[in-house]
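**Student:** Could you have a look at this structure, given as structure tokens, before my questions?
Just so you know, all these numbers are worked out from the coordinates, no wet-lab data involved. This is a predicted model, so every value here is computed, not measured. Methodologically, a virtual Cβ is constructed for each residue, glycine included, from the backbone with ideal geometry; neighbour enumeration extends over all protein chains shown.
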Amino acid sequence: MPTCAKCENDVKKVYDCDHTDYEEYCVECYTELHYYLTEKD
Ligand SMILES: [Zn+2]
Ligand SMILES: [Zn+2]
């Protein structure tokens with residue numbers, strides 16, 4: 001099972017992109033990251 005690079009929880013599915021420096025984040029951390037990125041715009 002993959003592990004989130006941010007919260008270190010074991011999760012079923014992970015997501016990455018340039019914003020996470022291509023580290024694997026769980027959906028909660030990934031969504032939260034993009035939420036703040038969107039807020040800054
Ligand atoms: Zn996480
Ligand atoms: Zn992104």
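**Student:** Any residue in the range 1-18 that is polar (S, T, N, Q) sitting within a Cβ distance under 9 Å of a residue that is outside any loop (DSSP other than H, G, I, E, B) and within 13 Å of ligand 2 (Cβ to nearest atom)? List the pairs, counting only those 6 or more apart or interchain.
**Tutor:** So the pair list comes out as Asn9/Cys29.
**Student:** Pairs needed: first member in the range 25-36, among the aliphatic types (A, V, I, L, M); second member anywhere, within 9 Å of ligand 1 (Cβ to nearest atom) and outside any loop (DSSP other than H, G, I, E, B); C-beta distance under 8 Å; at least 6 residues apart or different chains.
**Tutor:** As it stands, the answer is Leu33/Tyr25, since those pairs meet every condition given.
**Student:** Something else now. Output the residue which, of all residues in the range 13-30 that are among the aromatic types (Phe, Trp, Tyr) and near ligand 1 (Cβ under 8 Å from one of its atoms), is farthest from Met1 (Cα to Cα).
**Tutor:** By that ranking, first place goes to Tyr30.
**Student:** If you don't mind, there's one more thing I want to ask. Name the residues in the chain that are in a strand (DSSP E or B) and away from ligand 2 (no atom under 13 Å from the Cβ), would you?
**Tutor:** Thr3, Asp10
**Student:** Another question, then. Which of the following residues is β-branched (Val, Ile, Thr) and surrounded by fewer than 10 Cβ atoms within 10 Å (Cβ to Cβ): Thr31, Thr38, Thr20?
**Tutor:** None of the other options fit; the residue is Thr38.
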